[in-house]
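*Asks:* If you scroll down you'll find the structure; I have some questions about it.
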């Protein structure tokens, strides 16, 4: 055993106060630095945390602005939705069976559903669980009359977007959805809250900042137990602005009705003087109220998002083969080039050969020697083959661009729009969008197809509306628009004079009048009295994607100082424009004329 010397023991005892002093000093300094950090350096942060524990914000949801038609009829607004919820922690377990049976019989809800949701709520420690979504007025009254005997059940309220006409103008109005977590990261800076609504398509999307409004709320003080102490102030929510559309509800309803029996198609009704859209329909469509539901069944979801019929697809702004309604472009190319002046007479034939194919006249006979007006009246193919082949692809392309083809129309809902296709020699040389440059040259068969609006030409109904409006108004390219000028500060709606000889425009206009007087559009006035003089053009187009033929009809009225233009399109509906598209336009003209 090793013995410790007395001197060492004495030295160790003398060091203990010093060690204790050093330890105490260091501890004191650490505490002091921590207090300085908490009280001085990080005061604002902890003060904020203290306030957040003491002060609560009860948020008030803003009301989105309404969407109105040109006469003030409501197309979209907001309404309160009432839902039945259960607070599992507040239920009296001794009376649960009796309460469950009472609410089941009262509101006609399966008691097993109530039990399942109640059990899941307890298991997952949820404060509230939705039992029934969107109660009707009768259910709401019954609950309120028996509320005292339904401990644990409550009515929750929520503002949702409401569309009183359901699917009417669905592609124009658009829909809203809650923002996602990823969107919230940057939208929070703009005042959005998690699951706040945001416009996804149409007017709801384009005018989101104008329509949405601002959140409000009440600041309240609570004690350490979370109980209310006093109100610190209320900031009312700011209601969003209303948007007034150029849409005429009466014409929109008629356009929706006449397209109802078609598998797919579109209608555009426009004022050719300034481009104001009076009606726009795309079929198939969808119920806008679907997006306001908290619960969406898989079947409902698939019918909208995964349907082969593509109901979300706006056919009024999508491109298709135009067929004979395109012939006004070929005619203007012939006139503007100088190669086929206004007095041109051409001999039409049963068919004309280009390349390896003989392109036929639609009556397989020809119409003899005719000029521009009669060629439009009878919709001669071989007349326009000759004009198109004579002027060439690039002249047709040049005139088409002047009329607004191969470009966006300028309409507000451009996120849905397709620019279409108007072929050119450059386009062919560069590979036609799918081949290798230099490997897909322009061939004689292309010009024949292009001359009558087939295969190498695809246009949208809204583009046709612009082009025909330029004929109707005497030479101005208008910008289609859906909102009134006094409301819309986002878009500059101009009338642009087009660089085409007014006399050539007048000749085309006269030819379109003959179509109605004694040509393929003569049936437009059947069953309609006192209709102002109408000008128009029928069209039947082969589907470049291999489907059934499309049917087209475009018209405007009156002949002088035109006020209304209609583009009617029935997708993959064989039988001709005069059979399927023209009758739709006739009903719209009839409704407009009667109201006027």
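*Asks:* Tally the residues that are crowded, with 16+ Cβ neighbours inside 10 Å and not in a helix (DSSP H, G or I), restricting the search to the range 326-350.
*Replies:* 5
*Asks:* Search the range 574-596 for residues that are at pLDDT below 95 and pair each with any residue that is in a helix (DSSP H, G or I) when their beta-carbon atoms are under 8 Å apart and the residues are at least 6 apart or on different chains.
*Replies:* 595/250
Rundown of residues vs (1) free of Cβ contacts under 8 Å to residues at least 40 places away in the same chain; (2) in contact with a helix residue (DSSP H, G or I) (Cβ under 7 Å, 6 or more places away or on another chain); (3) closer than 29 Å to residue 252 by Cβ, yes/no style:
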| residue | (1), (2), (3) |
| --- | --- |
| 320 | no, no, yes |
| 325 | no, yes, yes |
| 333 | no, yes, no |
| 339 | no, yes, no |
| 346 | no, yes, no |
| 349 | yes, yes, no |
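*Asks:* I would also like to ask the following. Out of the residues in the range 111-124 meeting the condition of being in contact with a helix residue (DSSP H, G or I) (Cβ under 8 Å, 6 or more places away or on another chain) and surrounded by fewer than 18 Cβ atoms within 10 Å (Cβ to Cβ), tell me which one is farthest from residue 88 (Cα to Cα).
*Replies:* Only one residue tops the list, namely 111.
*Asks:* Got at least one residue in the range 355-362 being in the same structural domain as residue 444 (by TED's automatic domain parsing) and under 22 Å from residue 536 (Cα atoms)?
*Replies:* yes
*Asks:* If you take the residues of the range 194-209 that are surrounded by 13 or more Cβ atoms within 10 Å (Cβ to Cβ) and part of a loop (DSSP other than H, G, I, E, B), which of them is farthest from the chain's Cα centre (by Cα)?
*Replies:* 196
*Asks:* Something else: Out of all the residues in the range 275-292, is one or more surrounded by 20 or more Cβ atoms within 10 Å (Cβ to Cβ), assigned to a helix (DSSP H, G or I) and at pLDDT below 95?
*Replies:* The answer is yes, given that some residue of the range 275-292 is surrounded by 20 or more Cβ atoms within 10 Å (Cβ to Cβ), assigned to a helix (DSSP H, G or I) and at pLDDT below 95.
*Asks:* When you check residue 513 against the structure, is it more than 21 Å from residue 584 (Cβ to Cβ), touching a residue at least 40 places away in the same chain (Cβ under 8 Å) and out of contact with any helix residue (DSSP H, G or I) (no Cβ under 8 Å at 6 or more places or on another chain), yes or no?
*Replies:* Considered against the rule, which asks whether it is more than 21 Å from residue 584 (Cβ to Cβ), touching a residue at least 40 places away in the same chain (Cβ under 8 Å) and out of contact with any helix residue (DSSP H, G or I) (no Cβ under 8 Å at 6 or more places or on another chain), residue 513 comes out as no.
*Asks:* Within the range 59-83, which residues are part of a strand (DSSP E or B) and closer than 30 Å to residue 129 by Cα?
*Replies:* Correct list: 59, 60, 76, 77, 78, 79, 80, 81, 82, 83.
*Asks:* Moving on to the next point. Looking only at the range 483-500, decide whether some residue is crowded, with 22+ Cβ neighbours inside 10 Å and either under 25 Å from residue 203 (Cβ atoms) or touching a residue at least 60 places away in the same chain (Cβ under 8 Å) (or both).
*Replies:* yes
*Asks:* Next question. If we scan the range 53-65, do we find a residue that is assigned by TED's automatic domain parsing to the domain that holds residue 217 and either touching a helix residue (DSSP H, G or I) at 6+ places or on another chain (Cβ under 6 Å) or modelled with pLDDT of 90 or more (or both)?
*Replies:* yes
*Asks:* May I ask you to verify whether residue 83 is in contact (Cβ under 8 Å) with a residue 60 or more places away in the chain, surrounded by 14 or more Cβ atoms within 10 Å (Cβ to Cβ) and outside the structural domain of residue 290 (by TED's automatic domain parsing)?
*Replies:* In short, yes.
*Asks:* Does residue 268 meet the test of being assigned to a strand (DSSP E or B) and assigned by TED's automatic domain parsing to the domain that holds residue 572?
*Replies:* Considered against the rule, which asks whether it is assigned to a strand (DSSP E or B) and assigned by TED's automatic domain parsing to the domain that holds residue 572, residue 268 comes out as yes.
*Asks:* A follow-up question, please. Of the residues that sit in the range 293-310 and are free of Cβ contacts under 8 Å to residues at least 40 places away in the same chain and outside any helix (DSSP H, G or I), which one is nearest to residue 416 (Cα to Cα)?
*Replies:* Here the residue is 310.
The values are calculated or read from the model by the stated rules, or taken from the named source; none is laboratory data. Here the structure is a predicted model, which means the values were calculated and not measured. All Cβ positions, even for glycine, are placed from backbone atoms using ideal geometry, and neighbour counts span all protein chains on display.
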